[in-house]
Amino acid sequence: MATTSDRLRVQQVIVDLANSVPHGDQPELIQDVSDLKGLMTTWIVTETAAPTKADLESLHKFRARLRAVFIAPDRQAKISIVNELLSGADIHPRLVEHDGLPLHVHYFQPYTSLADHLVADCAMVLALMFEAGEADRLKECVAPDCGTVFIDRSKNRSRLYCDSQACGNRLHAAAYRARAATAN
């Protein structure tokens, strides 16, 4: 999956936002504006206004649509959702270099709201993934009680679990125990 390091960074933002939606046993991960402030540092979000309650409310709606891209039943449904995200984004592309990141494109106005910044970045990176034929890398963990979404960066696009150390090992161990019980 050839991509710039900034696109990889934004892809991680997409995954983090999509997984912050309460699902299964997963509680709400972005409860207030202080959570957004912490994520801005983690995600290296620059050139944006300080987060507000309006950003929090907007991002709660947006992240549900991001999650929908991962779990949509087919490619066409995913494309429709990405087009919906693009139509809601205020996109103004420009080249920048900052914070040790290589030359990359910002898709938002300087010092826009956090929500507008993330909507533009995430919508464009998703669109570029689809354009590059990488849509099938957007997956939901197949572990029955998980529901976590991820981007499959494996060479052959065969990853099934969000975390091979947790979900993968847990299910493989369960399958082994079931086979051993059957053999006895």
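General observations
- All positions within the range 120-130 that are among the hydrophobic types (A, V, I, L, M, F, W, C) and open to solvent by less than 20 Å² (accessible area, probe 1.4 Å): Ala120, Cys122, Ala123, Val125, Leu126, Met129
- Residue selected from the range 50-64 under the condition within 25 Å of Glu84 (Cβ to Cβ) and in a loop (DSSP other than H, G, I, E, B), by the criterion least open to solvent (accessible area, probe 1.4 Å): Pro51
- Verdict on Val21 being modelled with pLDDT under 95, crowded, with 17+ Cβ neighbours inside 10 Å and more than 29 Å from Leu95 (Cα to Cα): yes
- Test: Thr42 is open to solvent by 50 Å² or more (accessible area, probe 1.4 Å) and farther than 24 Å from Ser5 by Cα: no
- Each residue in the range 65-74 was checked for being more than 15 Å from Leu17 (Cβ to Cβ) and surrounded by 16 or more Cβ atoms within 10 Å (Cβ to Cβ), and 1 of them qualify.
- Within the range 76-134, tally of residues that are among the aliphatic types (A, V, I, L, M) and either part of a loop (DSSP other than H, G, I, E, B) or over 20 Å from Ile44 (Cβ atoms) (or both): 10
- Scoring Val15 on the criteria (1) open to solvent by less than 40 Å² (accessible area, probe 1.4 Å); (2) farther than 21 Å from Thr112 by Cβ; (3) part of a loop (DSSP other than H, G, I, E, B) leaves a single failure, condition (3).
- Pick from the range 76-115, criterion within 17 Å of the chain's Cα centre (by Cα) and touching a residue at least 60 places away in the same chain (Cβ under 8 Å), ranking: surrounded by the most Cβ atoms within 10 Å (Cβ to Cβ): Leu114
The values are calculated or read from the model by the stated rules, or taken from the named source; none is laboratory data. Keep in mind that what you see is a predicted model, and the values were worked out from it rather than measured. Glycine also receives a Cβ, built like all others from the backbone with ideal geometry; neighbour counts cover every protein chain displayed. Please note that ligands, DNA and RNA were not included when accessible areas were found on the heavy atoms of the full protein model with its side chains. Shrake-Rupley method; radii C 1.70, N 1.55, O 1.52, S 1.80 Å.
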